[in-house]
1. I'd like to know which of LEU109, TRP11, SER23 lies farthest towards the positive end of the charge dipole of the chain, counting +1 on Cβ of Lys and Arg and -1 on Cβ of Asp and Glu.
2. Can you compute the equivalent ellipsoid semi-axes for the stretch 27-91, i.e. the square root of 5 times each eigenvalue of the Cα gyration tensor, sorted largest first and rounded to whole Å?
3. With each label point set 7 Å from Cα along the Cα-Cβ vector, what nm distance links SER142 and LEU43?
4. Compute the FRET efficiency between ALA171 and SER23 as 1/(1 + (r/R0)^6), taking r as their Cβ-Cβ distance and R0 = 30 Å, and round to the nearest 0.05.
5. Charges on Cβ only, +1 for Lys and Arg, -1 for Asp and Glu, centred on the Cα centroid of the stretch 81-188; of LEU132, GLY168, SER83, which one is farthest towards the dipole's positive end?
6. Quick one: putting +1 on the C-beta of Lys and Arg, -1 on the C-beta of Asp and Glu, what dipole do you get for the stretch 1-154 around its Cα centre, in Debye to the nearest 20?
7. Between HIS156 and ARG30, what length comes free when the chain is fully extended (0.36 nm per residue of separation minus the Cα-Cα distance, one decimal in nm)?
8. From the phi angles alone, apply the Karplus equation (6.51, -1.76, 1.60; θ = phi - 60°) to the stretch 83-91 and give each ³J(HN,Hα) in whole Hz, x where the residue is Gly or Pro.
Amino acid sequence: MTLLILGIIIWSVIHFFPATAVSVRSSLVRHLGVPLYKGIFALLAFGALLLIINGWKAASAQLVFNPPLWGAYVTIALSLLASVCFFAPYIDNNVSRLVRHPQLAGVLLWAVGHLLANGEARSVVLFGALALWAWLEMVLLSRRDGAWTKSGPVPHSADLRLAISGIGFFAIFLYLHGWLFGVDPMSYL
């Protein structure tokens with residue numbers, strides 16, 4: 001469990017850094033340059049992900065609670081919504097007018113959904129921590145950025161492109177989930 005927790009801490013700290021240490025980040029970007037700063041950030045994030053993955057695999061699968069039978073259905077629905085939200089910052093859409101931080105909101109939906117389907121200790125730590133991280137990151141970014149200026153409406157065809165992208169990503173990930181993580185969500189349906 002130590003590697004899992006260490007990975008989550010590193011992931012959280014490096015992502016909280018731009019929202020909480022704005023002047024330090026600006027100074028680092030000025031001294032290192034944007035490509036090197038982003039490269040270091042990416043390496044730290046990748047290292048944190050490796051710690052999280054290996055820590056999760058090594059951690060105890062001891063049951064903390066029995067998830068509800070309907071939990072898997074809710075997880076799939078929330079993961080579909082999360083997949084659509086994940087692409088919202090990259091495609092013009094109207095979702096971004098309703099949700100200030102759609103990608104982080106997607107992480108929160110995904111994590112809460114997975115908490116409803118997984119009751120073992122390592123999953124509670126992982127998904128609980130990532131839900132907390134996403135929520136806190138939204139709060140910190142909103143505080144850093146001040147008042148939210150919403151963009152104007154865009155044609156619904158843009159929302160359709162967002163939906164297709166999110167659903168396509170979701171379908172691919174759903175198909176690969178068993179191979180990647182050892183759990184086939186479709187077996188619960």
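Only the coordinates and a few stated rules stand behind these numbers; no lab work does. The model shown is predicted, which means the values in this text are computed figures rather than measured ones. As a convention, Cβ positions derive from the backbone with ideal geometry for all residues, glycine included, and neighbour counts pool all protein chains shown.
1. SER23
2. Values: eigenvalues 240, 89, 11 Å².
Equivalent-ellipsoid dimensions as semi-axes: 35, 21, 7 Å.
3. Each label point lies 7 Å from its Cα, and together they span 3.6 nm.
4. Calculated transfer efficiency: 0.10.
5. Of LEU132, GLY168, SER83, it is LEU132.
6. On the way: 10 positive and 4 negative charges, 74 e Å.
Using Cβ point charges on Lys, Arg, Asp and Glu, the stretch 1-154 gives about 360 debye.
7. Values: separation 126, 0.36 × 126 = 45.36 nm, distance 4.01 nm.
Contour length minus the Cα-Cα distance gives 41.3 nm.
8. Coupling constants for the stretch 83-91: 5, 5, 4, 4, 8, 4, x, 9, 10 Hz.
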